[in-house]
1. Considering only residues that are closer than 30 Å to Val53 by Cα and open to solvent by less than 70 Å² (accessible area, probe 1.4 Å), which ones fall in segment 145-159?
2. With respect to the numbered conditions (1) open to solvent by 20 Å² or more (accessible area, probe 1.4 Å); (2) of a type in the set (A, V, I, L, M); (3) modelled with pLDDT under 90, which one is the sole condition not fulfilled by Leu102?
3. Filter segment 169-213 for residues that are under 30 Å from Ser90 (Cβ atoms) and charged (D, E, K, R); which is modelled with the lowest pLDDT?
4. Can you find a residue that is over 17 Å from the mean Cα position of the chain (by Cα), open to solvent by 10 Å² or more (accessible area, probe 1.4 Å) and of a type in the set (Val, Ile, Thr) anywhere in segment 113-132?
5. What residue, of Glu142, Glu166, is modelled with pLDDT of 80 or more, closer than 30 Å to Glu82 by Cβ and surrounded by 15 or more Cβ atoms within 10 Å (Cβ to Cβ)?
6. Taking segment 50-66 as the search range and keeping residues that are open to solvent by less than 10 Å² (accessible area, probe 1.4 Å) and more than 9 Å from the chain's Cα centre (by Cα), which one is farthest from Ala152 (Cα to Cα)?
7. For the structure I just gave you, tell me whether Glu198 is in a helix (DSSP H, G or I) and open to solvent by 60 Å² or more (accessible area, probe 1.4 Å).
Amino acid sequence: MNDKIAETDARRALGAYQSLRRLVLAFVIVAMFAALLFGEAVYPPESFIHETVEMVGVLMMFLGIVGRLWSTLYIGGRKSHEVVTGGPYSITRNPLYVFSTLAAAGVGAQMGSLVATVGFALLCAGAFHIVILREERFLTDELGAPYKAYLARVPRFIPKLSLYQEGDTGSFRPRLLLNTLLDGLVFLAAMPIFELIENAQGSGTLPVLFRLP
């Protein structure tokens, strides 16, 4: 009975961290869109650089969404009671955050600006860093020595591809995958939104207060 209560408490605590992660991601996305309402790239929308940056950004968003789904296949509700070390978790301890950061960079790229691309990635990674530190303290207390060994072996954020191991996906939960997909689709909303922003700026409806290379 005590074990079940402890497991329930652990899941609730982890659920709180996951809710915090979603709130942080939502805040970062809203902040980025708000800032870019009044900014534009120095490169004209029809220029080669602008179009190339946008296209690369679309690829980054899709890779980010697919990577988040890949990560969810492995973590699948096991995070609070098991050290997951296979697939993306064999090369980085926080693949969901890594792929979210990649997708955020793709959002910034829809502005056609290299600075916005890098800036969005850094903003997202910095916000997630705070959540990661809290999660690591929680999981260290919950999982003990096996998790400490995992911390010592696998990098926190930047993937180390040489460590890759296929591992086991465990029990798969379709609802978790669906939730991850729906979360990821928020990134794709950047494409039509930025087109609307560009059109509004071109018509003078929105003022341009700053320009980024």
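1. Selection gives Pro155, Phe157, Pro159.
2. Here Leu102 clears every test but (3).
3. For segment 169-213, the residue satisfying everything is Arg173.
4. Within segment 113-132, one or more residues are over 17 Å from the mean Cα position of the chain (by Cα), open to solvent by 10 Å² or more (accessible area, probe 1.4 Å) and of a type in the set (Val, Ile, Thr).
5. Just one listed residue meets the conditions, Glu142.
6. His50
7. Considered against the rule, which asks whether it is in a helix (DSSP H, G or I) and open to solvent by 60 Å² or more (accessible area, probe 1.4 Å), Glu198 comes out as no.
The values are calculated or read from the model by the stated rules, or taken from the named source; none is laboratory data. Only a predicted model underlies this, so the values are computations on that prediction, with no experimental measurement involved. Ideal geometry is used to build each Cβ from the backbone, glycine not excepted, and the neighbour counts take in all protein chains shown. Accessible surface areas use protein heavy atoms only, side chains included; no ligands, DNA or RNA. Shrake-Rupley method; radii C 1.70, N 1.55, O 1.52, S 1.80 Å.
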